[in-house]
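K.L.:
Please find one structure pasted underneath; my questions will follow.
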Amino acid sequence: MKSRSRSYLTLLACLPTLMIFGCFETKEFPSPAPPNLKPNQPSPGQTVAKSEHAPEVKGDSKGGKPEVPVTPVRTVDPKQLIDVVSGDVKGGESKNPTPTNFLWLPADKTHVKDEPLVVTSPLGLSPIASFSPASNPLTKGKVELGKQLYFDARISKDTTVSCATCHNPEKGWTDQLKTSIGIKGQVGGRNAPTVLNSVFGRTMFWDGRAPSLEGQAQGPPQNPIEMGDQDYKQIIERLRTIPGYREQFQKVFGTDVTLDGVAKAIAAFERATALTGNSAYDQYAMGDSPESLKAMSDSAKRGMVLFGLRLRTDDEFKAGVPLKKAGCTSCHAGANFSDEEFHNLGVGWIEKDGKFADLGRFAIEPIGAKNEKSVGAFKTPTVRDVTRTGPYMHDGSETTLAGVIDFYDKGGNPNPSLDKDIQPLKLTPSEKADLVEFMKSLTGAEVKVALPTLPPGADGKSPDPRAALTPPSPPKKAGLDSPHTMIGLRY
Ligand code: HEC
Ligand code: HEC
């Protein structure tokens, strides 16, 4: 992704619901490399040489020992980091906020009565600490507050939809719908991606129009107020009518309710909770005992090899299938099985019209920097927990994993911008089944999230978070409008 487009996006993309507190350009982000790789062990990072961002693990000439992937160092000047908690904000209108400022308020640190929270990443994932920005450290009260906000429909314009409506932890942090349904039953044009492991994402959304949580953390050179978006004000004013939120904001941030705090709290909740790892594959790949060799079935191991990953060197199992025959690791690489790049597979190509239903990445590239290759290109999604996150693809056009494999097998949908790595695969029926088995082995231990008790509003009533878990009905077609916009949160 070109940095130009990222800075342009800053203006528009600055305000995804969960990470409003800043949009600053960063050149590099730490990639999700599996930590503490032991010698002679396979890693999903092994085959990512094609990606300029993902860590590369090379075998040495003697023992085939992989080098531990080097995490790129952030190149952002730490002085530019904005520590909103300390009120050390430079530039932007937030410098002199009025007492009623809804975006950001200076904090009195003595009011902050929150304790640090240490989260251990599930097996196979990078340590979360390296993905938590200095301006938004994980704390207990913040994560709890973020959880309430995540499940609270009072965040949406008409108080009917919460984040969990479309990113429901019980449904793999998605809505399991073809495309999402927002307020007043409006149907969006895109499938809700899982929030699981999105903390590792370098960009957000199918077209990457929002910078990652990390990018966001670098501080806002512009203030979103300039966008004159009053919806935010309404949201914050509504949340300020809820005494329980005002109290928690004082405790966690030392301020009244602000958009900055809402974003940080939700992001912290997602970081600490929406994680999937420790799958059968991780137990196999990261394990070193003979028992852990049995974590995956023979079929899943064959699928793993077809997918593009090597078996453990201490595994005597003979897969008997060509390594990388399916070539999936060209894109689904690294610890989170995504190169974080944009590719055209031809999903959404309308043959008779010779065009795409959704231009994807191309649409958000700035005039003058548009690249034809981006037409119909979308971000590589993770395939972790993919058994729970269907229907698949940005438009939800594939309902089963077998369907996804058939789609790849035929070489996607040929079109003028088709990615060069998408070609007919000539897989046998048993190879197809093996690939599905491998993807099943990426299912992590389910994250059980107990629903929070929401703070009562001015009327003394506490809404039931469960009510918002069912999308509004009846569904009405609303085109390609983003569900995030539909709930009144622009980016
Ligand atoms: C009405 C359904 C809906 C609601 C409500 C909703 N989302 Fe989303 N979310 C989506 C859809 C659809 C996308 C993909 C949009 C796109 O790519 O244009 C998405 C994308 C995302 C992503 C990017 C994930 C990735 O891997 O790129 C994150 C993170 C996210 N939403 C978090 C949230 C949070 C936090 C809230 C609440 C403040 C929320 N969403 C509310 C439907 C919804
Ligand atoms: C050229 C890069 C590339 C290759 C190679 C590739 N994928 Fe993908 N994959 C993507 C992209 C991009 C998407 C989303 C496409 C879209 O929605 O338009 C995707 C989507 C998927 C999905 C749907 C996930 C979801 O949550 O919607 C699955 C499953 C998947 N790929 C599995 C595989 C398998 C298995 C292989 C090997 C046979 C493979 N991919 C090869 C880039 C790639």
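K.L.:
Can you confirm whether Leu359 is surrounded by 18 or more Cβ atoms within 10 Å (Cβ to Cβ) and either small (Gly, Ala, Ser) or in the same structural domain as Thr380 (by TED's automatic domain parsing) (or both)?
P.N.:
Here the answer is yes, as Leu359 does meet what is asked.
Conditions (1) under 21 Å from Leu103 (Cα atoms); (2) in a loop (DSSP other than H, G, I, E, B); (3) modelled with pLDDT of 95 or more; (4) among the β-branched types (Val, Ile, Thr), marked per residue:
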{"residue": "Gly189", "(1), (2), (3), (4)": "no, yes, no, no"}
{"residue": "Gly219", "(1), (2), (3), (4)": "yes, yes, no, no"}
{"residue": "Glu237", "(1), (2), (3), (4)": "yes, no, no, no"}
{"residue": "Lys264", "(1), (2), (3), (4)": "yes, no, no, no"}
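K.L.:
Let me ask something else about it. Mind listing whichever residues of region 352-400 are within 14 Å of ligand 1 (Cβ to nearest atom) and among the acidic types (Asp, Glu)?
P.N.:
Those that are within 14 Å of ligand 1 (Cβ to nearest atom) and among the acidic types (Asp, Glu): Asp358, Asp385, Asp395.
Here's the yes/no breakdown for (1) more than 23 Å from the chain's Cα centre (by Cα); (2) under 30 Å from Leu117 (Cβ atoms); (3) surrounded by fewer than 23 Cβ atoms within 10 Å (Cβ to Cβ):
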{"position": "Tyr245", "(1), (2), (3)": "yes, yes, no"}
{"position": "Gln250", "(1), (2), (3)": "yes, yes, yes"}
{"position": "Leu259", "(1), (2), (3)": "no, yes, no"}
{"position": "Asn278", "(1), (2), (3)": "no, yes, yes"}
{"position": "Met296", "(1), (2), (3)": "yes, no, no"}
{"position": "Arg302", "(1), (2), (3)": "yes, no, no"}
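K.L.:
A further question on this structure: Quick check on region 457-479: of everything there that is loosely packed, with under 10 Cβ neighbours inside 10 Å and within 20 Å of Gly189 (Cα to Cα), which residue is farthest from ligand 1 (Cβ to nearest atom)?
P.N.:
Pro474
K.L.:
If the Cβ limit is 7 Å and pairs must be 6+ apart or interchain, which residue in region 176-192 that is over 10 Å from Val161 (Cα atoms) and near ligand 1 (Cβ under 7 Å from one of its atoms) pairs with which residue that is of a type in the set (S, T, N, Q) and assigned to a strand (DSSP E or B)?
P.N.:
Filtered contacts from region 176-192: Ala192/Thr174.
K.L.:
Could you list all residues from region 158-187 that are within 23 Å of Ala445 (Cα to Cα) and either part of a helix (DSSP H, G or I) or small (Gly, Ala, Ser) (or both)?
P.N.:
Once the filter is applied, which keeps residues that are within 23 Å of Ala445 (Cα to Cα) and either part of a helix (DSSP H, G or I) or small (Gly, Ala, Ser) (or both), region 158-187 yields Cys163, Ala164, Thr165, Cys166, Pro169, Glu170, Lys171, Gly172.
K.L.:
Then there's this: Any residue at all in region 393-409 that is surrounded by fewer than 18 Cβ atoms within 10 Å (Cβ to Cβ), more than 27 Å from the chain's Cα centre (by Cα) and more than 10 Å from ligand 2 (Cβ to nearest atom)?
P.N.:
No, that holds for no residue.
K.L.:
Quick check on region 314-337. Is at least one of its residues more than 30 Å from Pro211 (Cβ to Cβ) and of a type in the set (Phe, Trp, Tyr)?
P.N.:
yes
K.L.:
Further question: What number of residues within region 239-259 are out of contact with any Phe, Trp or Tyr (no Cβ under 7 Å at 6 or more places or on another chain) and assigned to a helix (DSSP H, G or I)?
P.N.:
11
K.L.:
Okay, moving on. For region 315-351, give me each residue that is crowded, with 16+ Cβ neighbours inside 10 Å, of a type in the set (Asp, Glu) and either at negative phi or more than 16 Å from ligand 1 (Cβ to nearest atom) (or both).
P.N.:
Scanning region 315-351 gives Asp315, Asp339, Glu341.
K.L.:
Just to be sure, is Thr241 crowded, with 18+ Cβ neighbours inside 10 Å and modelled with pLDDT of 95 or more?
P.N.:
Judged against the criteria, Thr241 is not a match.
K.L.:
Pick from region 120-143 the residues that are touching a helix residue (DSSP H, G or I) at 6+ places or on another chain (Cβ under 8 Å) and assigned to a helix (DSSP H, G or I): which of them is farthest from ligand 2 (Cβ to nearest atom)?
P.N.:
Gly141
K.L.:
Please find, within region 181-199, the residue that is farthest from His394 (Cα to Cα) out of those that are polar (S, T, N, Q) and within 16 Å of ligand 2 (Cβ to nearest atom).
P.N.:
Ranking the candidates gives Asn197 first.
The values are calculated or read from the model by the stated rules, or taken from the named source; none is laboratory data. Everything numeric in this text was worked out from a predicted model, so none of it was measured. So basically every Cβ, Gly included, is an ideal-geometry build from the backbone, and we count neighbours across all protein chains shown.
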